[in-house]
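Asker: There's a structure below that I have some questions on.
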């Protein structure tokens, strides 16, 4: 799991990822956390070393890349091979449009779930420091969290049965 | 890029948003409803993103209501 935390939206991503981590731990999955300062060197080396079968990326992005700390491009088109054999959920703008498509079409990524437009958050002005108490924003994050919590469990069940 | 009718519709929808809300649009940052209305009026990249957000939601709403009813 990759979690940036350096501006209001990434702070929301950072906090709202916690229920996913808790559920994964409860189900007995090993969760490796990268963040809140996500650099290209660290993320690529951790993925190479640990070879996770599911990647959950939280941060800013574009059609061509997923970004780390302070919008540094960390996983870009030339790095797509890193997704080979993996399922990826990228909670970032636009990544599914270019990065995701290339990863699946050309680099053997098992599945890439993401967004083809901007990721939008709506929040209370008073909740910047306490995202989990934000009842306006809650539906956005609970819906988005359903992707890793349901996909992951289903996929692992299928792997276990095969 | 968008017709004046669409812009007016989106501006009206944004005007009805409560004042204690901030809307974050991708990497563009966070905006109050008044800031977004200005951007829509200017036809900027941010304004067009806001229009796309609203129009997509409106178009998807019938199927979202159906899904909500089925999952109740």
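The values are calculated or read from the model by the stated rules, or taken from the named source; none is laboratory data. Since the structure is predicted, the reported quantities are computational estimates derived from the model, not experimental observations. Virtual Cβ from ideal backbone geometry, glycine too; neighbours counted across all protein chains shown.
Asker: I'm checking my understanding of the structure. Among residues of the range A:18-61 that are modelled with pLDDT of 90 or more and part of a strand (DSSP E or B), which one is surrounded by the most Cβ atoms within 10 Å (Cβ to Cβ)?
Answerer: My answer is A:61.
Asker: A follow-up question, please. Six or more apart or on different chains, Cβ under 7 Å: which pairs go from a residue in the range A:51-67 that's away from chain B (no Cβ under 14 Å) to one that's surrounded by fewer than 24 Cβ atoms within 10 Å (Cβ to Cβ) and part of a loop (DSSP other than H, G, I, E, B)? Could you list them?
Answerer: Correct list of pairs: A:52/A:32; A:52/A:86; A:53/A:86; A:54/A:86; A:55/A:86; A:56/A:1.
Asker: Just the residues that are surrounded by 15 or more Cβ atoms within 10 Å (Cβ to Cβ), part of a loop (DSSP other than H, G, I, E, B) and within 14 Å of chain B (Cβ to nearest Cβ), please, taken from the range A:79-136.
Answerer: Once the filter is applied, which keeps residues that are surrounded by 15 or more Cβ atoms within 10 Å (Cβ to Cβ), part of a loop (DSSP other than H, G, I, E, B) and within 14 Å of chain B (Cβ to nearest Cβ), the range A:79-136 yields A:92, A:93, A:94, A:95, A:114, A:115, A:117, A:118, A:119, A:134, A:136.
Asker: Of the conditions (1) closer than 21 Å to residue A:139 by Cβ; (2) within 14 Å of chain A (Cβ to nearest Cβ); (3) assigned to a helix (DSSP H, G or I), residue B:63 clears all except one; give me its number.
Answerer: Residue B:63 satisfies every listed condition except (2).
Asker: Sticking with this structure for a sec: Within the range B:37-47, which residues are crowded, with 17+ Cβ neighbours inside 10 Å and either over 28 Å from residue A:71 (Cα atoms) or within 11 Å of another protein chain (Cβ to nearest Cβ) (or both)?
Answerer: So in the range B:37-47, the residues crowded, with 17+ Cβ neighbours inside 10 Å come out as B:37, B:39-40, B:46-47.
Residue satisfying the conditions is B:46 alone.
Asker: Something else: Of all residues in the range B:8-43, how many are in contact (Cβ under 8 Å) with a residue 12 or more places away in the chain and in a helix (DSSP H, G or I)?
Answerer: Summing the residues that are in contact (Cβ under 8 Å) with a residue 12 or more places away in the chain and in a helix (DSSP H, G or I) in the range B:8-43 gives 13.
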